[in-house]
Amino acid sequence: MRSLSKTYDKEVLSVEELILTKGCIYGVIGPSGAGKSTLLRIINMLTPQSGGEILYKGRPVPLNGPERLALQRNMALVFQKTLLFKDTVWNNISYGLKARGCKKQEIEKKVTSLLDQIGMSELANRRAETLSGGEAQRVAIARAVAFEPELLLLDEPTANLDPGNIELIEEMITKMARTKEITVVMVTHNVFQARRIANHVIFINQGKIVEMGPTEKIFTEPENESTRMFVEGKMVY
Ligand SMILES: Nc1ncnc2c1ncn2[C@@H]1O[C@H](COP(=O)(O)OP(=O)(O)OP(=O)(O)O)[C@@H](O)[C@H]1O
Ligand SMILES: [Mg+2]
């Protein structure tokens, strides 16, 4: 991103430059209202920026048209509040593969493997509406990664989940990034989670990237005083 901004009634995001590298896991942290979700929505092209430009693999992303749509199809976004289709677990996970015209055999293989990874093989035929919060979120992530997006965007994917589910989801995310070279951008309110799984941490406050760097550096020797306060849990909002 270059000179990117987003304005509603007032400017809520202003990013001079942000470069994301393939295969890395980025943890986005910052206080409520800082602009974290806005950043994700702009990356995912759900929300158009007000100014500046986004480049994908070095090429400017057009503001509309088929090329923009094609790029959007390389990305998946998972929210804190899971939105599953009112259908079976199996159909939820296979949806994106079918939509992209995958062969039946390939779909069977992928969905079976994903169900195994999320520990839900027994629940393939269950209606999504009947799942617990943790189960539903596991399905949402399996659905998001089924078609192997190049970019996986997660907005507080483990908020309100128990430690077992959190661990499982964190494992899925790190494994995905490692084995499939998927780039992950995860917003989290939990700085410990960012420290556990991210390679790089982006600290946002009042619409600006205050500091970005390798995770250990951000936690042990941040350059900015407000970053230090935030990661130590002392941030004054
Ligand atoms: N559609 C909108 N219209 C007007 N203002 C908006 C809109 N979406 C977001 N904002 C404002 O932009 C700012 C940043 O919001 P955003 O949702 O990105 O924050 P956040 O960092 O994700 O916060 P949280 O941690 O609470 O989820 C907030 O002040 C919010 O009120
Ligand atoms: Mg948010």
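The values are calculated or read from the model by the stated rules, or taken from the named source; none is laboratory data. Note that the coordinates shown come from a computational prediction; the quantities given were computed from them, not determined experimentally. Every residue, glycine as well, gets a Cβ built from its backbone with ideal geometry; the counts of neighbours run over all protein chains shown. Ligands, DNA and RNA are excluded from the accessible area calculation, which covers all protein heavy atoms including side chains. Shrake-Rupley method; radii C 1.70, N 1.55, O 1.52, S 1.80 Å.
Residues in the stretch 217-237 that are in contact (Cβ under 8 Å) with a residue 12 or more places away in the chain, surrounded by fewer than 18 Cβ atoms within 10 Å (Cβ to Cβ) and over 18 Å from Gly35 (Cβ atoms): Glu223, Gly233. Of all residues in the stretch 133-148, those that are at pLDDT below 90 have Cβ atoms under 8 Å from Cβ atoms of residues that are among the acidic types (Asp, Glu), 6 or more apart or on another chain, in Gly134/Asp162. Of the residues making up the stretch 86-96, none is within 17 Å of the chain's Cα centre (by Cα) and either open to solvent by 20 Å² or more (accessible area, probe 1.4 Å) or within 16 Å of ligand 1 (Cβ to nearest atom) (or both).
Filtering the stretch 21-42 to residues that are more than 11 Å from ligand 2 (Cβ to nearest atom), over 20 Å from Leu63 (Cβ atoms) and of a type in the set (A, V, I, L, M) leaves Ile25, Ile29.
Reported count of residues in the stretch 2-53, each being on the phi > 0 side of the Ramachandran plot and open to solvent by less than 40 Å² (accessible area, probe 1.4 Å), is 4. Scanning the stretch 130-183 for residues that are out of contact with any Asp or Glu (no Cβ under 8 Å at 6 or more places or on another chain) and within 16 Å of ligand 1 (Cβ to nearest atom) returns Leu153, Leu154, Asp155, Glu156, Pro157, Ala159, Asn160. Among the conditions (1) crowded, with 21+ Cβ neighbours inside 10 Å; (2) touching a residue at least 40 places away in the same chain (Cβ under 8 Å), Val111 misses just one, which is (2). Checking each residue in the stretch 54-64 for being open to solvent by less than 40 Å² (accessible area, probe 1.4 Å) and either assigned to a helix (DSSP H, G or I) or farther than 20 Å from Val28 by Cα (or both) picks out Val61, Pro62.
I'd like to verify a number: residues in the stretch 7-42 that are under 20 Å from Thr174 (Cα atoms) and within 15 Å of ligand 1 (Cβ to nearest atom), how many? Number satisfying all stated conditions: 5.
Count of the stretch 110-167 residues, restricted to those that are polar (S, T, N, Q) and part of a helix (DSSP H, G or I), is 7.
Looking only at the stretch 65-98, which residues are in a helix (DSSP H, G or I) and of a type in the set (A, V, I, L, M)?
Narrowing the stretch 65-98 to residues in a helix (DSSP H, G or I): 66-72, 89-98.
Leu69, Ala70, Leu71, Val89, Ile93, Leu97 - these are the residues of the stretch 65-98 that are in a helix (DSSP H, G or I) and of a type in the set (A, V, I, L, M).
Set side by side, the residues Met186, Met235 differ, and just one is farther than 30 Å from Arg138 by Cα and outside any helix (DSSP H, G or I), which is Met235. Residues of the stretch 149-192 that are among the charged types (D, E, K, R) and over 13 Å from the mean Cα position of the chain (by Cα): Asp162, Glu167, Glu171, Lys175, Arg178, Lys180, Glu181.
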